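*Asks:* Please read through the structure below; I'll follow up with questions.
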Amino acid sequence: MEDKRQKPIRGIRIRTLNFVMIAVSCVLYVLLIAATIHVSRSYTDVHTSMDDYIGCEQSDTLLTEGSAYLTEQVRLYVVTLDPQCIENYFIEANATRRREKALEQLQVHHDSEEAYRFLVEALENSNDLMVREIHAMRLAAQASGQNLSELPEAVRAVRLSGNELSLTPDEQLSRAREMVFGDAYQASKALITGNVEYSLGTIHSATHQEMLHSAEELERTMSQQRVLISVLFVESLITFILIILLIVKPLQIYVNCIKEDKMMEIVGSYEFKYLALTYNDIYEINAANEILLRHQAEHDSLTGLINRGAFEHVRQVLKVKSQALALLIIDVDKFKLINDGYGHETGDLVLKKVARLLEESFRSTDYPARIGGDEFAVILPDIDCKHQPMVEAKIRSINDTLLAPTDGAPPVSLSVGGAFSSCGFSDSLYAQADAALYAAKENGRCGCRFYEEGIPTPAEKASKE
């Protein structure tokens with residue numbers, strides 16, 4: 001666990017990525033909703049502009065139709081002298097009132113003062129024309145001898161001039177017809193029509209500009225909406241890709257590692273890398289526990305050190321760990337002479353003493369082992385070449401103790417060969433340490449020698465021979 005804490009874990013955190021993606025998605029959705037609302041408003045503006053334009057056209061039409069209807073009825077009356085035409089005329093003027101309603105509708109649908117002014121002028125001209133039309137009806141009624149009491153108050157209120165009263169009925173009727181069919185009357189009607197057309201033109205121009213502005217705003221907003229939808233699609237695509245790379249793929253790799261009972265690869269997001277490192281630490285702890293159990297079960301009955309089988313097991317375990325370590329191979333010098341001269345019991349005591357000194361001199365995390373009769377080995381994890389002087393000092397201290405016994409045992413010495421590895425227990429490590437041991441023996445025994453370039457391994461010696 002300490003190694004995992006010391007190693008900086010680099011990677012994208014799923015939690016951070018999740019927050020970022022949620023925030024980006026929320027912003028995009030808010031912008032998209034805002035754009036949609038803006039589109040709806042722009043469409044409403046276009047629709048409202050169209051309704052206003054239609055309403056304004058209807059207002060102009062109402063005013064034109066109302067004025068034309070009055071003209072039609074007064075002309076019919078002076079031609080046919082039908083009293084119903086007078087009745088229709090005043091129903092339009094006082095009840096139906098299409099001209100006045102036209103102004104009211106215009107104020108509702110459009111706020112253009114200029115267009116309203118033109119319609120007001122058209123209405124005023126129409127009202128002025130009504131005075132002429134009512135005068136013509138009074139003159140025609142006088143010519144036809146119609147009972148004045150049957151006429152509307154507005155017609156009866158008209159006072160004919162002395163000149164008009166002096167005319168014959170036919171002349172009066174002709175004068176009445178001239179008043180509603182003559183050039184002066186047509187000029188007044190043309191003025192009304194012109195005011196209506198000016199009003200309609202003003203409204204058309206203003207409404208057209210509003211519609212163009214609303215349409216442009218609608219197009220711009222729809223373009224923004226399309227961009228936001230595209231960005232949202234890209235953001236979703238990136239999210240799916242990140243999920244595959246940071247979650248789905250690492251899970252597949254981890255499942256395969258568990259099935260194959262091996263350490264996990266350090267891939268994926270920060271959380272998955274942390275999980276893999278934790279799993280690997282537990283995996284290593286379990287492996288170390290197995291080593292410990294085997295150490296307890298597979299120990300040398302004489303010295304208490306691990307035996308050759310356990311040593312080989314540790315060697316295989318350390319092959320998969322890329323860590324620095326050192327290997328020492330140790331021989332008791334001239335041990336056969338001690339067995340022959342002092343007996344096997346004394347020889348066993350010497351071996352126990354050597355084992356005890358090895359255990360006391362090295363760390364609890366090291367692996368001292370008895371791998372043969374008088375042959376020992378020590379595996380020192382997390383040791384590299386810069387620790388060589390320290391190891392040599394320990395060997396000298398052990399030899400000093402063995403050469404000056406205080407327990408009645410015969411003096412002995414050790415020959416030691418060592419080698420270093422930076423990537424676990426490599427296949428060549430044992431051969432290098434063995435070659436260094438032979439070099440130490442050839443150099444007079446009672447010493448420590450570490451492998452270096454130029455020292456032949458046993459295999460190289462055999463090939464030369």
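*Asks:* May I ask you to list the residues in region 252-274 that are part of a helix (DSSP H, G or I) and touching a residue at least 12 places away in the same chain (Cβ under 8 Å)? Step through it out loud before you land on a result.
*Replies:* Going through region 252-274, the residues part of a helix (DSSP H, G or I) turn out to be 252-259, 270-274.
The answer is Ile253, Tyr254, Tyr270, Glu271, Phe272, Lys273, Tyr274.
*Asks:* Looking at region 209-227 only, could you name the residues that are in contact (Cβ under 8 Å) with a residue 60 or more places away in the chain and of a type in the set (Asp, Glu)?
*Replies:* Glu210, Glu217
*Asks:* Listed residues Glu271, Glu217, Glu260; which is open to solvent by 90 Å² or more (accessible area, probe 1.4 Å) and of a type in the set (D, E, K, R)?
*Replies:* Being open to solvent by 90 Å² or more (accessible area, probe 1.4 Å) and of a type in the set (D, E, K, R) holds for just one of Glu271, Glu217, Glu260, which is Glu260.
*Asks:* Any residue in region 431-447 that's of a type in the set (A, V, I, L, M): show its pairings with residues that are part of a helix (DSSP H, G or I) at Cβ separation under 7 Å, as long as the two are six or more apart or on different chains.
*Replies:* These pairs meet every condition: Ala431/Pro458; Ala431/Ala459; Ala435/Pro458.
*Asks:* Follow-up. Being closer than 12 Å to Ala176 by Cα and assigned to a helix (DSSP H, G or I) is the filter here, so list the residues in region 81-99 that pass it. Reasoning before the result, please.
*Replies:* Residues of region 81-99 closer than 12 Å to Ala176 by Cα: 81.
Matches in region 81-99: none.
*Asks:* Which of the residues that make up region 85-105 are open to solvent by 80 Å² or more (accessible area, probe 1.4 Å) and over 22 Å from Val196 (Cα atoms)?
*Replies:* Within region 85-105, just Glu87 meets the criteria.
*Asks:* Another one. Is there a residue in region 73-82 that is surrounded by fewer than 17 Cβ atoms within 10 Å (Cβ to Cβ), among the hydroxyl-bearing types (Ser, Thr, Tyr) and modelled with pLDDT under 80?
*Replies:* no
*Asks:* Quick test for you: out of Tyr254, Tyr279, pick the one residue that is more than 15 Å from Gly11 (Cβ to Cβ), among the aromatic types (Phe, Trp, Tyr) and open to solvent by less than 90 Å² (accessible area, probe 1.4 Å). Spell out how you get there, then give the answer.
*Replies:* Details: Tyr254 fails: more than 15 Å from Gly11 (Cβ to Cβ).
The match here is Tyr279.
*Asks:* Among the numbered criteria (1) under 60 Å from the mean Cα position of the chain (by Cα); (2) surrounded by fewer than 12 Cβ atoms within 10 Å (Cβ to Cβ), which one does Gly418 miss?
*Replies:* Only one criterion is unmet by Gly418, namely (2).
*Asks:* Within region 124-142, can you find the residues that are open to solvent by 20 Å² or more (accessible area, probe 1.4 Å) and in contact (Cβ under 8 Å) with a residue 24 or more places away in the chain?
*Replies:* Here is the first cut: in region 124-142, the ones open to solvent by 20 Å² or more (accessible area, probe 1.4 Å) are 124-125, 127-128, 130-132, 134-135, 138, 142.
Result: Asn125, Asp128, Met130, Arg132, Ile134, His135, Gln142.
*Asks:* Could you identify the single residue in Gly341, Gly373 that is at pLDDT below 90 and closer than 19 Å to Ile306 by Cα? Lay out the reasoning, then the answer.
*Replies:* Details: Gly341 fails: closer than 19 Å to Ile306 by Cα.
Selected residue: Gly373, the only one of Gly341, Gly373 that is at pLDDT below 90 and closer than 19 Å to Ile306 by Cα.
*Asks:* Filter the strands (runs of 3 or more DSSP E) completely within region 375-465 down to those with at least 1 residues that are over 24 Å from Lys319 (Cα atoms), of a type outside the set (Lys, Arg) and touching a helix residue (DSSP H, G or I) at 6+ places or on another chain (Cβ under 9 Å). Walk me through it before giving the result.
*Replies:* Working: elements: 375-381, 414-421, 447-450.
So the answer is 414-421, 447-450.
*Asks:* Select from region 36-72 the residues that are open to solvent by 10 Å² or more (accessible area, probe 1.4 Å) and aliphatic (A, V, I, L, M) and list them in ascending order.
*Replies:* Once the filter is applied, which keeps residues that are open to solvent by 10 Å² or more (accessible area, probe 1.4 Å) and aliphatic (A, V, I, L, M), region 36-72 yields Ile37, Val39, Val46, Met50, Ile54, Leu62, Ala68.
*Asks:* Now a separate question. Being more than 24 Å from Arg449 (Cβ to Cβ) and of a type outside the set (Gly, Ala, Ser) is the filter here; which residues of region 324-341 pass it?
*Replies:* Of region 324-341, the ones more than 24 Å from Arg449 (Cβ to Cβ) are 339-341.
Correct list: Asn339, Asp340.
The values are calculated or read from the model by the stated rules, or taken from the named source; none is laboratory data. Here the structure is a predicted model, which is why all the values come from computation and not from measurement. All Cβ positions, glycine included, derive from the backbone under ideal geometry; neighbour counts span all protein chains shown. These area figures cover heavy atoms from the full protein model, side chains too; ligands, DNA and RNA do not enter into them. Shrake-Rupley method; radii C 1.70, N 1.55, O 1.52, S 1.80 Å.
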